[in-house]
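The structure appears right after this line, and notes come after that.
Please treat every number below as a calculation from the coordinates, not as lab data. Given the structure is predicted, the values throughout are model-derived calculations rather than measurements. All Cβ positions, glycine included, derive from the backbone under ideal geometry; neighbour counts span all protein chains shown.
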Amino acid sequence: MSLVERALKKIQESRSQVPPAHASQASLNTVPLQAQRPAPAPQPTVTHAAPIVTAVPTPEPARPTRVIHIDREALRQSELLPPLSQERQLSGEYRQIKRPLIANALGRGVAKIPNGHRIMIASAMPGDGKTFTSINLALSFAMEKDLSVVLVDADVAKAHLSRTFGVHNELGLMDLLRDEQLDVESLILPTDVPGLSILPAGKAIDTANELLASSRMEQIANQITVRYPNRIVLFDSPPLLITQEAMALSAVVGQIVMVVRAGVTPQSAVLDAIELLGEGKSVGLVLNQTDEQVRPGYYYQYYGHKDNDRSGDTAEGDDGALRRSVADG
Ligand SMILES: Nc1ncnc2c1ncn2[C@@H]1O[C@H](COP(=O)(O)OP(=O)(O)O)[C@@H](O)[C@H]1O
Ligand SMILES: [Mg+2]
């Protein structure tokens, strides 16, 4: 049995000891699942010759003046934020999820993951909780004093995020993909939550998949991060098993958070979705909407290369394999 399967089985075993979950519960467990990567090769030292001409500073890009109001009460009403009674517990769990993502992105205590600043919130099926996770994780990232976060609505067909924040008629990702003259920064909308901004989905078109898979997408992803070393970009995405857009998107990110809806997403769907993801990505599983009786904060963690996961021959040892840890919330 592969490590992924063992992790999922453990979760199922723990779930089978408690009554079935209620659909409205907002708790979640995390299952970070990180593909092991070799440490990046040392970069060759480059000696720069003295510039012949004096560099002209590039002008700061034009910024939109509109500020999006993040209405937490309205988000709660739409069930995209947890009820007040569960807020504290859930924010502790998101803190637990974001720590390894930040460590991988910035190389804090671990080797920096290439393109680790770009994080895709993925799942096998619709309704698993990608948009919920994107919003809650983005708010958690924004609380970090030294980080900023751009929440990108990359589920362009549904544009759930854009509609939620009332920016569905604004220019966004799709328009950037179509029009090379558009400047990314000019479309990223600031919010009244310090550190949090939003890139809307833009106008949906039939060729979204081709555009997301194009070199222009890579260019846009680079442009969002290149100027800002402490900026995290979260992509709320379409379901992996139903659309091709999500696979295209996975090519430009360094980390993937795979949302699994507890007791709903079939294990085979999770495995198939992971199989679709590109090589060399860091993948973490988040178990969403778990039962209250499953002790919150438990998570299962293992490290192993994605290829080995399915072969089942990766040893489960002290240092690496399936681990059970208690989140400190
Ligand atoms: N942890 C959670 N607690 C409570 N409700 C949740 C949770 N995760 C998702 N939901 C609810 O489940 C529904 C589907 O979630 P959503 O994030 O829109 O899924 P997806 O983006 O994967 O299609 C939403 O109505 C949302 O309110
Ligand atoms: Mg969604």
Next on the checklist: With +1 assigned to the C-beta of every Lys and Arg and -1 to the C-beta of every Asp and Glu, and no other charges, what is the dipole magnitude of segment 73-224 about the Cα centre in debye, to the nearest 20?
Outcome noted: 620 debye
Next on the checklist: Given Cβ point charges of +1 (Lys, Arg) and -1 (Asp, Glu) and nothing else, what value in debye, to the nearest 20, does the dipole of segment 71-116 about its Cα centre take?
Outcome noted: 360 debye
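For segment 151-290, what value does the Rg/Rh ratio take when both radii are computed over Cα atoms and Rh is the Kirkwood radius, given to two decimals? Walk me through the intermediate numbers first.
Details: Rg = 15.1 Å, Rh = 15.7 Å.
Rg/Rh: 0.96.
Rounded, prolate or oblate: which fits segment 149-227, taking a ≥ b ≥ c as square roots of the Cα gyration tensor eigenvalues, rounded meaning a/c under 1.5, else prolate when a/b beats b/c? If you can, show how the numbers build up before the last one.
Working: a/c = 1.94, a/b = 1.18, b/c = 1.64.
In terms of gyration-tensor shape, oblate.
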Checklist outcome for this item: Too long for a 22 Å Cα-Cα cut-off, among LYS98/LYS203; LYS98/LYS130; LYS98/LYS281; LYS112/LYS158; LYS112/LYS145; LYS112/LYS281, are LYS98/LYS203; LYS112/LYS158
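What full-extension length gain, to one decimal in nm, is calculated for GLU210 and ARG99 as 0.36 nm per residue of separation minus the Cα-Cα distance?
Details: separation 111, 0.36 × 111 = 39.96 nm, distance 3.34 nm.
Extra length available between GLU210 and ARG99 comes to 36.6 nm.
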